[in-house]
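These notes are about the structure you will find just below.
The values are calculated or read from the model by the stated rules, or taken from the named source; none is laboratory data. Quick caveat, the model's predicted, so the values are computed rather than measured. Cβ placement follows ideal geometry from the backbone for every residue including glycine, while neighbour counts extend to all protein chains displayed.
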Amino acid sequence: EYGSIEGMNQAARNWILQPHHGEHDYVGTYETVAEVVESAQKRARGATKKMPNCLGGGTGEQSPVWMRNYSSPNDTVPKDPRAQQLIDEALEKVGHGVQRMVMGHTPQHRINAALKGKAWRVDVGASRGVMHGRPEVLEIVHGGEGEEDAVSILTMDGEKVDSSDRQVVE
């Protein structure tokens with residue numbers, strides 16, 4: 001569609017440089033909070049409809065900035081058979097001993113890890129508009145030089161769940 005990475009970059013650049021407020025009140029002459037929220041939502045919908053596919057197209061299509069290979073389907077092993085290889089290569093490429101990647105925007109019913117603990121999926125769909133899930137927090141305490149990190153999940157009930165209890169495996 002874009003011919004090259006340069007074409008993709010140009011499409012992204014063109015979209016970023018365009019104004020996306022259109023007919024909406026961008027001056028801020030609102031009378032209620034509800035009007036502010038409604039206006040922001042309309043602007044966001046309008047902007048994402050015009051977004052090029054290389055930025056996700058506003059629909060969650062795969063792109064350099066929107067990818068679900070490590071998180072979909074939710075709460076289970078990723079369906080992409082290349083997912084383990086992809087995350088292994090990505091973490092190796094980052095270097096510096098990076099051991100895991102934390103990601104959102106693919107709601108899970110609770111925080112969990114896939115791909116041998118390398119893909120931490122933390123979007124619990126807490127928004128009423130998504131899954132109305134219960135908030136949780138991923139806690140990573142760096143172990144220091146030559147020591148393991150302590151990874152756990154903190155729940156609204158005051159529980160501290162060990163990471164080993166939230167691994168999804170085949």
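When segment 143-160 is limited to residues that are within 20 Å of M101 (Cβ to Cβ) and within 22 Å of the chain's Cα centre (by Cα), the one that is surrounded by the fewest Cβ atoms within 10 Å (Cβ to Cβ) turns out to be L154. Restrict the check to segment 63-74 and report whether at least one residue is at pLDDT 85 or above and loosely packed, with under 14 Cβ neighbours inside 10 Å. Yes - at least one qualifying residue is present in segment 63-74. Taking first residues from segment 63-86 that are in a helix (DSSP H, G or I) and partners that are at pLDDT 90 or above and hydroxyl-bearing (S, T, Y), the Cβ contacts under 6 Å between residues at least 6 apart in sequence or on separate chains come to A83/Y70.
Quick check on G125: is it on the phi > 0 side of the Ramachandran plot and within 17 Å of the chain's Cα centre (by Cα)? Taking the combined requirement at face value, the residue satisfies it.
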